[in-house]
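Structure first, commentary second.
The values are calculated or read from the model by the stated rules, or taken from the named source; none is laboratory data. Everything numeric in this text was worked out from a predicted model, so none of it was measured. All Cβ positions, even for glycine, are placed from backbone atoms using ideal geometry, and neighbour counts span all protein chains on display.
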Amino acid sequence: MLKHVVVLGAGFGGLELVTRLSEAVPDKVRITLIDKNDSFVFGFSKLDVMIGRRTVPEVRMAYREIAKPGVEFRQETVISIDPANRRVVTDAATYEADILVVALGADYDIAATPGLAEDGVEFYSVAGAARAREALAVFEGGAVVVAVLGTFFKCPGAPNETALLVADYLSSRELRESSTIHLVSPLPAPIPISKKTSAAIQAILEERGIEYWPSSRVVRLDPEQHIAHLEDGRELAYDLLLGIPVHCAPDVVLASGLAEDGWIPVDPATFATRFPGVFAVGDVTSAPVPRAGGVAEGEAATVAEVLIAELTGGAEPAPYDGASACYVELGGDLVARIDVNFLSYDTPVAKLSGPTAEFVEEKRRWGSTRAARWFGQVAIPADT
């Protein structure tokens, strides 16, 4: 009989997992992929929306376009998860899984930062990116603050990208000279695992006139005075605050018994949880790696290899190595690539390449390849 694999969440991790299983063992599994949304959006595409390069419809990839052997997509909201019995209840049905994979990502706790809802602009969601675009469109110069509001957040390079892209945007509107930009982050450096990479990014920020405040965290906003209050007692006035909100695991995960200290603990070699037949990947876990799409993709690839070996009686696969790469847009039509490895060496490593114009095209092909594999879209040729 076919094994029923239920995958909760159709982000990088969920999409990569179901694609690999469908390609490798379509005769051994039937897969139910569940997500509350109707479409997928790359994280970097939200920045395109924010600065007006693309519209929301242009960056959406509809889940209804998924057409893979053995895979059925259901747009439903997960109501409860019983990991001991591998049972999932949604707003439309109940699912009994032989193998359950939780890839629900992280939610945003807007209320964790008082004043953010009233006077700041969250730009990490698709709807938030659209609101940020509207806020930038009517901005007439002044103080811009890009603030990371929690220690754990998706895409560590994104705050730097945001500050630099906002600088470019303001320059295009001839508002840069009448504006200031602060980047405020609780992290001690742009890429904490690499002094050299961090120094290179900090140099670019300084060159573009962006004031960088590391090891700093905004804890509340004063909507009347438009002042950001920092954890260390400092204050920072703003005319526009773009915030990366505090991240948290979805409530349904917290209520399931899967989470410890707010996130799902996993075996970092296989992403198995403490419940037999239950795995977790991506931003919802406490794995010792960054929260990022490319990382979640690599984690899902590992889970796929583990499951394929179990289903086919194959050799035990190699453990997850913690290697990934991400592209960071640094303004001026330049993109850099950061290659990281968190688990293969004694300490994590990161290497910055670029920025160059060539990486702009490489980043486009990177996204195009995944759109082709996951949704059947036509990929950009390698020589384009």
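May I ask you to list the residues in the stretch 22-35 that are closer than 16 Å to V6 by Cβ and either surrounded by fewer than 16 Cβ atoms within 10 Å (Cβ to Cβ) or touching a residue at least 60 places away in the same chain (Cβ under 8 Å) (or both)? Give the steps one after another, and end with the answer.
Residues of the stretch 22-35 that are closer than 16 Å to V6 by Cβ, as a first pass: 22, 25, 28-35.
V25, K28, V29, T32, I34, listed by residue number.
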Among the residues of the stretch 358-368, is any surrounded by 20 or more Cβ atoms within 10 Å (Cβ to Cβ) and either more than 28 Å from W263 (Cβ to Cβ) or among the hydrophobic types (A, V, I, L, M, F, W, C) (or both)? yes
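Determine whether E118 is at pLDDT 95 or above, touching a Gly at 6+ places or on another chain (Cβ under 7 Å), under 18 Å from L221 (Cα atoms) and not hydrophobic (A, V, I, L, M, F, W, C).
For E118, the condition - at pLDDT 95 or above, touching a Gly at 6+ places or on another chain (Cβ under 7 Å), under 18 Å from L221 (Cα atoms) and not hydrophobic (A, V, I, L, M, F, W, C) - is not met.
Looking only at the stretch 64-84, count every residue that is assigned to a loop (DSSP other than H, G, I, E, B) and not small (G, A, S) and tell me the total. So that I can check it myself, show each step before the final result.
Residues of the stretch 64-84 that are assigned to a loop (DSSP other than H, G, I, E, B), as a first pass: 66-70, 76-77, 83-84.
Checking the rest, the ones that are also not small (G, A, S) come to 66, 68-69, 76-77, 83.
Result for the stretch 64-84: 6.
Can you tell me which residues in the stretch 225-272 are of a type in the set (D, E) and touching a residue at least 60 places away in the same chain (Cβ under 8 Å)?
Start the filter on the stretch 225-272 by keeping residues that are of a type in the set (D, E), which leaves 231-232, 235, 239, 251, 260-261, 267.
Within the stretch 225-272, D239, D251 qualify.
Going by what's in this entry, would G142 be described as outside the structural domain of G11 (by TED's automatic domain parsing), farther than 30 Å from P290 by Cα and modelled with pLDDT of 95 or more?
yes
Checking the conditions here, which among G332, G354 is in contact with a Lys or Arg (Cβ under 8 Å, 6 or more places away or on another chain), closer than 30 Å to R60 by Cβ, modelled with pLDDT under 95 and not assigned by TED's automatic domain parsing to the domain that holds D168?
Working: G332 fails: in contact with a Lys or Arg (Cβ under 8 Å, 6 or more places away or on another chain).
Checking each option against the conditions leaves just G354.
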How do the pairs read when you match residues in the stretch 190-206 that are in contact (Cβ under 8 Å) with a residue 24 or more places away in the chain and of a type in the set (S, T, N, Q) with residues anywhere that are surrounded by 15 or more Cβ atoms within 10 Å (Cβ to Cβ) and not in a helix (DSSP H, G or I), using Cβ under 6 Å and keeping only pairs 6 or more apart or on different chains? S194/A350; T197/I191; T197/A350; T197/L352
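Report the residue count in the stretch 114-126 for those that are in a helix (DSSP H, G or I) and within 10 Å of V49 (Cβ to Cβ). Explain how you work it out, then say what you get.
Step one: list which residues in the stretch 114-126 are in a helix (DSSP H, G or I), which gives 116-119, 126.
So of that shortlist, the ones also within 10 Å of V49 (Cβ to Cβ) come out as 126.
Qualifying residue count, the stretch 114-126: 1.
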Of the conditions (1) among the aliphatic types (A, V, I, L, M); (2) part of a loop (DSSP other than H, G, I, E, B); (3) surrounded by fewer than 18 Cβ atoms within 10 Å (Cβ to Cβ), A309 satisfies every one except a single condition; which number is it? (2)
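Return the only residue of T285, T270 being of a type in the set (V, I, T) and crowded, with 20+ Cβ neighbours inside 10 Å. Full working, then the answer.
Details: T270 fails: crowded, with 20+ Cβ neighbours inside 10 Å.
None of the others qualify; the one that does is T285.
Which ones in the stretch 85-113 are loosely packed, with under 14 Cβ neighbours inside 10 Å and either assigned to a loop (DSSP other than H, G, I, E, B) or among the polar types (S, T, N, Q) (or both)? Spell out the reasoning first.
Kept after step one, since they are loosely packed, with under 14 Cβ neighbours inside 10 Å, are these residues of the stretch 85-113: 85, 91-94, 96, 111.
Within the stretch 85-113, N85, D91, A92, A93, T94 meet the criteria.
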